[in-house]
1. Could you give the dipole magnitude of the chain about its Cα centre, charging the beta-carbon of Lys and Arg +1 and that of Asp and Glu -1, in debye to the nearest 20?
2. May I ask you to rank H43, H281, H337 by accessible area, largest first, using a 1.4 Å probe over the protein chains only?
3. Dipole magnitude of the range 255-370 about its Cα centre, charges +1 at Lys/Arg Cβ and -1 at Asp/Glu Cβ only, in debye to the nearest 20?
4. In a Gaussian network model over the chain where Cα atoms closer than 10 Å are linked, find which of G267, G184, G54 has the largest mean-square fluctuation.
5. So for the range 234-326, taking the charge dipole from beta-carbon charges (+1 Lys/Arg, -1 Asp/Glu), which of F255, L268, T302 sits furthest toward the positive end?
6. Between Q243 and V106, what length in nm is gained on full extension when 0.36 nm per residue of separation is reduced by their alpha carbon distance?
7. Ignoring ligands and nucleic acids, what accessible area does F104 show with a 1.4 Å probe (Å², nearest 10)?
8. Out of L252, L219, L354, any idea which swings most in a Gaussian network model of the chain, alpha carbons joined below 10 Å?
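The values are calculated or read from the model by the stated rules, or taken from the named source; none is laboratory data. Worth saying up front: this structure is predicted, and the values here are computed from it rather than measured. Heads up, the Cβs are rebuilt from the backbone with ideal geometry, glycines too, and the neighbour counts pull from every protein chain shown. All accessible areas refer to the heavy atoms of the entire protein, side chains included, with ligands and DNA or RNA removed. Shrake-Rupley method; radii C 1.70, N 1.55, O 1.52, S 1.80 Å.
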Amino acid sequence: MAVPYVDLLRRRRVIAPFAAVFIARLPLAMTPLGAVVLIAEIHGSYTRAGLISGTIALTTAVSAPVWGRLMDRAGQPRIILGTSIGAALLLATFVLVAVAGAPFEVLMGLAALVGLSTPPVNPAMRVAWSVIVPDETERNAAYALDASMVESVFVLGPLLLSVLLAGPAALPLLVTAALTLAGGIGYAGTFAAGHWRPLRSASERRAGMSPLRSPGTALTLAVGLAMAVAFGQFDVAMTATAQRVFESDTVLGLFFVSAAIGSTAGGLWYGSRPLPGQERHRLPVALTGFAAGAAALAIVLTAQPSPPLPVLLAVLLATGLFIAPSLIVQQSLIDRHTAPDRRSEAQAWLTTGLTAGSAAGMSIAGLLVDLAAPAAAFAGGSVALVLAVLVALLAQRWWRPGDLVSISGEGAPHQQRRAGRESQTPAGDGA
């Protein structure tokens with residue numbers, strides 16, 4: 001029986017942080033694109049616009065684990081509130097200074113500060129689900145709902161930005177700054193943020209080793225990095241296909257919407273029912289589906305340089321079905337192999353890997369498109385996903401239930417012994 005998502009969203013303790021985080025996440029999709037639009041109009045250079053946008057993305061990735069670790073120590077409200085206020089003020093300052101004609105070097109410095117102050121709303125929401133949805137089965141559905149929200153943000157964010165472009169060039173980023181502030185303040189005041197508690201005592205903090213020192217966590221991050229490289233290539237390949245094959249920005253929008261619909265549907269299906277077997281076994285399967293979809297797109301474009309648009313949209317939708325489930329399992333593996341007092345930091349590392357990998361994938365795909373064709377970028381994404389599958393298969397021994405970190409938030413974290421302890425596996429790994 002499907003878990004009632006509507007029932008989850010009817011709960012006040014769920015809908016309040018869910019809505020606030022939705023608002024707070026929109027700037028993640030709007031800020032880089034808005035910066036490109038603003039700087040391109042003011043400086044007349046897409047090279048400079050790309051450098052500004054890239055700086056924001058890079059510094060956001062660098063700062064995420066730092067904010068995550070601070071959140072594990074100091075709690076969520078102070079960190080989310082402080083970063084949201086800082087990021088909103090810095091982004092508004094960036095816009096006003098850019099419009100006033102500030103030198104490019106000054107804008108680069110401000111862009112770096114904007115990225116460094118980005119609120120860690122993704123890891124905050126991830127760990128807070130355990131507070132507002134204590135039941136394991138319902139929490140799996142909540143994770144799927146959360147992953148689907150992320151997909152919708154990266155569709156709706158650019159759409160909102162495109163509407164705001166009807167006004168002055170500064171308007172999109174000023175609205176983005178307002179959303180950052182509103183979302184951050186809204187989330188910081190919720191029950192979820194206020195009642196999530198990191199481990200407090202010094203002995204408990206010392207007991208939790210760095211997430212990067214846990215083999216299960218490190219291997220999950222490696223899989224996420226390889227998958228992110230594919231993400232970057234996938235995005236560039238879709239863009240190049242729309243521009244070079246169909247010569248239409250409208251088609252590009254259809255590409256992104258098709259993939260997002262597929263991913264949202266796949267995530268909601270994955271979280272709506274208990275599935276046989278263990279989660280660790282599902283990750284290579286989901287990644288294989290993603291790889292097969294990317295390869296199919298490369299084959300279609302190679303066999304027929306101008307394929308029917310409905311065929312490409314159908315393949316993109318089918319490929320998207322495997323994206324959200326892959327991310328959901330990775331987030332779950334991060335939780336299960338990280339000490340309770342370091343989970344915000346670990347989830348932030350996953351965000352960093354996804355951001356950095358996507359940027360690398362875009363660079364690789366740009367080269368492949370220029371040297372060959374859009375099909376080559378889809379093929380490159382498929383290769384990166386095959387690598388992710390191989391890492392996921394090799395990591396199975398490290399992801400065994402006997403290696404799980406205790407998921408209890410009470411007391412010092414500990415490693416379960418592998419031999420004879422399968423029965424003590426936390427509920428849900430076999431869901």
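1. Details: 28 positive and 22 negative charges, 251 e Å.
Taking the Cα centre of the chain as origin, the dipole is about 1200 debye.
2. If we order H43, H281, H337 from most to least accessible, we get H281, H43, H337.
3. Details: 6 positive and 5 negative charges, 60 e Å.
Dipole size: approximately 280 debye.
4. Maximum fluctuation in the GNM of the chain, among the listed residues, is at G54.
5. L268
6. On the way: separation 137, 0.36 × 137 = 49.32 nm, distance 3.32 nm.
The Q243-V106 span can extend by a further 46.0 nm.
7. Number for this one is 30 Å².
8. Sorting by GNM fluctuation, first place goes to L252.
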